[in-house]
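The values are calculated or read from the model by the stated rules, or taken from the named source; none is laboratory data. Please read these numbers as outputs of a predicted model, since none were measured by experiment. When we count neighbours, we look across all protein chains shown, and the Cβ atoms used for this are built from the backbone with ideal geometry, even at glycine. We work out accessible area using only protein heavy atoms, side chains counted, and drop any ligands, DNA or RNA first. Shrake-Rupley method; radii C 1.70, N 1.55, O 1.52, S 1.80 Å.
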Amino acid sequence: MKIKGMKNLDKIAVIDFGSQMNQRITRLVREAGVYAELVSRKTTVQELKQANVKGLIFTSSPCHVDAPDAFTIDPEIYEAGLPILAIGYGLELMISQLGGEMKKLTTHHDSLPTNWTKETPLLSNMDSFEADLAAKEIITKIPEGFEVIATSEDSELLSIANVGKNLYGLHFHPESPRTENGLDMLHHFLFDICHLDAEWTMEQFIEQEVQKIRETVGDQKVLLGLSGGVDSSVTGVLIQKAIGNQLTCIFVDHGLLRKNEVQEVMDSLSGKFGLNIIQVDAADRFLDKLQGITNPEEKRKIIGKEFIEVFDDEARKLAGTKFLAQGTIYTDIIESGTDTAETIKSHHNVGGLPEDLEFQLIEPLNTLFKDEVRALGTELGMPEHQVWRQPFPGPGLGVRVVGEVTREKLAIVRESDAILREEIKNAGLERDIWQYFTILPGFKSVGVRDDKRTYDYTVAIRAIHSVDGVTAEWARIPLDLLAKISTRITDEVPHVNRVVYDITGKPPATIEWE
Ligand code: XMP
């Protein structure tokens with residue numbers, strides 16, 4: 001993968017050897033104010049230097065260093081004059097390429113007390129410290145020109161350096177919260193060894209991206225599909241800042257959005273930020289197509305297909321539009337590592353628009369992590385509720401009405417969801433709970449109200465903690481708060497006589513019910 005962003009800025013390249021740790025390291029470097037990108041191990045020294053790379057970090061890998069198909073790197077890299085911090089697998093690769101020796105590690109420790117043995121710019125004046133190990137091998141012979149700078153208490157070599165060549169290796173994870181002073185080590189590498197400045201800010205990102213968008217687009221027109229979500233909204237506001245009304249947005253209301261959502265998006269993005277938005281009221285189209293459909297997968301397919309058709313109909317009315325903007329973010333691209341990234345990206349793109357609609361893509365957020373997208377939105381003056389909006393599925397409330405979607409059932413989910421959100425907000429738990437919403441399971445049960453028997457719907461509440469939606473734990477909402485929410489829902493939402501709380505994690509359940 002080519003280096004994508006901040007062309008003129010001094011930066012760190014985190015070389016991708018396939019570990020998820022890559023992303024964490026890249027983020028930590030950026031948090032320290034230095035721009036970093038995850039880069040393919042096949043990138044040449046010349047390409048790195050042209051992109052103003054001033055230091056390299058080699059990280060872990062699922063590979064074993066002596067496996068025949070192990071990920072390697074051109075050994076020319078060690079002679080390029082670029083400082084290298086090699087961690088875990090990265091260190092083992094460096095040792096094997098520079099003539100050191102290792103043998104298989106047989107006993108595994110998660111973490112070890114570690115002794116600092118030598119003053120270097122990376123490890124300086126330290127006491128013994130706990131380190132989260134990243135070793136698959138034991139180092140038995142260090143390469144020429146290197147010295148040992150930290151060992152375990154039983155003398156296992158845990159860190160080596162060739163200070164003259166700025167080559168450093170750690171057999172533990174500096175990015176792990178379990179490694180004491182790990183962040184300091186990373187900072188020493190950035191500021192004392194690579195001599196970088198902390199100059200990466202959102203302000204600067206905006207300046208550079210605005211200029212880049214202007215240069216790319218010229219006097220042409222850009223189209224953007226708005227969903228009301230964080231990524232597309234921030235993309236819209238950023239592009240608007242660059243090219244004003246050369247940007248047209250299409251906001252499809254499929255009738256499956258939450259209470260007041262359409263109005264809030266329009267008030268903010270059109271009202272406050274002046275985006276030119278074509279709001280398409282397509283609720284009838286979607287609900288007609290969903291009539292009688294109960295299978296969750298079929299519902300999703302219908303909603304997705306209809307969405308593209310509505311967007312397509314609108315896009316065709318805008319003759320002469322050359323560019324399509326998308327809110328693709330960095331994680332969408334690097335999820336499975338940079339060498340496989342291009343395929344992932346092409347799947348993610350455009351979401352199945354017909355081929356005869358030929359657009360050139362612009363994706364201004366494609367170097368940013370989610371928390372950076374939020375910081376960018378904040379820097380652009382967007383309100384907190386918009387940049388911290390909880391995840392919301394594309395098929396919207398359509399997958400929160402279990403079974404057939406009808407207007408009556410949608411109204412129940414919409415109203416109960418609004419009550420839940422209001423109460424979570426009033427309790428100050430908005431930022432603590434990753435995602436929270438209501439579901440209409442679709443069955444009726446017996447109840448009693450004003451001394452009369454009722455036969456009405458049940459509403460389920462789902463509230464979860466998660467980092468990325470891949471796994472989740474149900475949130476321990478205070479019982480008094482649950483009681484209040486339940487009472488309000490049964491009092492205020494017609495046709496609901498029972499409220500239940502979903503106490504299942506993911507796995508075994510998914511977050512959404514369909
Ligand atoms: P599940 O239900 O698979 O959801 O545990 C994981 C996360 O993904 C969201 N989700 C979607 N997001 N389009 C989206 O953009 C979808 O079709 C979709 N389905 C689920 C879900 O809300 C949760 O945050």
**Message:** Starting from the 7 Å offset along Cα-to-Cβ, what nm value, one decimal, do you get for the label separation of Ile138 and Lys452?
**Reply:** 8.1
**Request:** Hey, for a label at Thr107 modelled as a point 7 Å past Cα toward Cβ, could you say which residues of the stretch 128-162 have their backbone N under 14 Å away?
**Result:** 138, 152-157
**Message:** Taking every DSSP beta bridge with both residues inside the chain, roughly what % is antiparallel (nearest 5)?
**Reply:** 45
**Request:** Would you grab the residues whose amide H sits under 5 Å from the one on Gly255? Only those 5+ places off in sequence or on another chain, please, with H modelled 1.01 Å from N.
**Result:** Ala282, Ala283
**Complete:** Length gained if Glu309 through Gln220 is fully extended, taking 0.36 nm per residue and subtracting the Cα-Cα distance, is 29.6 nm
**Request:** Give, rounded to the nearest 20 debye, the magnitude of the charge dipole that the stretch 406-501 has about its Cα centre when Lys and Arg contribute +1 at Cβ and Asp and Glu contribute -1 at Cβ.
**Result:** 280
**Complete:** With the label point 7 Å along the Cα-to-beta-carbon line of Asn260 and a cut-off under 16 Å to each amide N, the hits in the stretch 406-444 are 414-428, 430
**Request:** Heavy atoms only, probe 1.4 Å: what % of the accessible area of the stretch 11-193 goes to carbon and sulfur, would you let me know?
**Result:** 47
**Item:** Farthest toward positive dipole pole in the chain [+1 Lys/Arg, -1 Asp/Glu at C-beta], among Ile277, Thr248, Gly292
**Value:** Gly292
**Message:** At 7 Å along Cα-to-Cβ for each site, give me the label-to-label distance between Glu79 and Leu429 in nm.
**Reply:** 6.3
**Prompt:** So what is Rg over Rh here for the stretch 11-193, counting just Cα atoms and using Kirkwood for Rh?
**Reply:** 0.92
**Asked** So what are the radius of gyration and Dmax for the Cα set of the stretch 406-501, in Å?
**Response** 13.9, 46
**Fill in**
Computed over the Cα atoms of the stretch 123-223, the Rg and Dmax in Å are 20.6, 67
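Out of the DSSP beta bridges found with both residues in the stretch 362-514, what percent are antiparallel (nearest 5)?
Of those bridges, close to 70 percent are antiparallel.
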**Item:** Principal axis box of the stretch 1-60, alpha-carbon based, largest edge first, Å
**Value:** 26, 26, 16
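Using the beta-carbon distance between Ile293 and Asn8 and R0 = 60 Å, what value does 1/(1 + (r/R0)^6) give for FRET efficiency, to the nearest 0.05?
E(calc), rounded to 0.05, equals 0.70.
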**Fill in**
Per the rule of 0.36 nm per residue minus the C-alpha distance, extending Glu119 to Gln211 adds in nm 28.7 nm
**Request:** Using only Cα atoms, find the angle between the long axis of helix 202-217 and the longest principal axis of the chain, and express it within 0 to 90 degrees, rounded to the nearest 10.
**Result:** 70
**Message:** I want the antiparallel fraction of DSSP beta bridges within the stretch 132-235, as a percent rounded to 5.
**Reply:** 100
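Grab the alpha carbons of the stretch 54-140, take their convex hull, and tell me the volume per residue in Å³. Kindly include the intermediate steps, with their values, before the conclusion.
Values: hull volume 10.6 nm³, N = 87.
So the per-residue Cα hull volume is 121 Å³.
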**Request:** Sort all Cα-Cα distances of the stretch 202-387 into consecutive 5 angstrom bins from zero, then give the percent of pairs in each bin up to the one containing the longest distance.
**Result:** 1, 7, 16, 18, 21, 18, 11, 5, 2, 0, 0
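Suppose we look only past 36 Å in the calculated P(r) of the chain. What percent of the Cα-Cα pairs does that tail hold?
So the pairs more than 36 Å apart make up 44 percent of the total in the chain.
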**Request:** Measure off, as a whole percent, the carbon and sulfur share of the 1.4 Å-probe accessible area of the stretch 202-387, all protein chains present.
**Result:** 46
**Request:** Mind checking the per residue accessible area of the chain for me, 1.4 Å probe, whole number of Å²?
**Result:** 45
**Asked** Tell me, in nm to one decimal, what length is gained between Ala198 and Ser128 on full extension, where the rule is 0.36 nm per residue of separation less the Cα-Cα distance?
**Response** 22.3 nm
**Fill in**
the stretch 441-487: Kirkwood hydrodynamic radius (Cα pairs, Å) comes out at 13.3
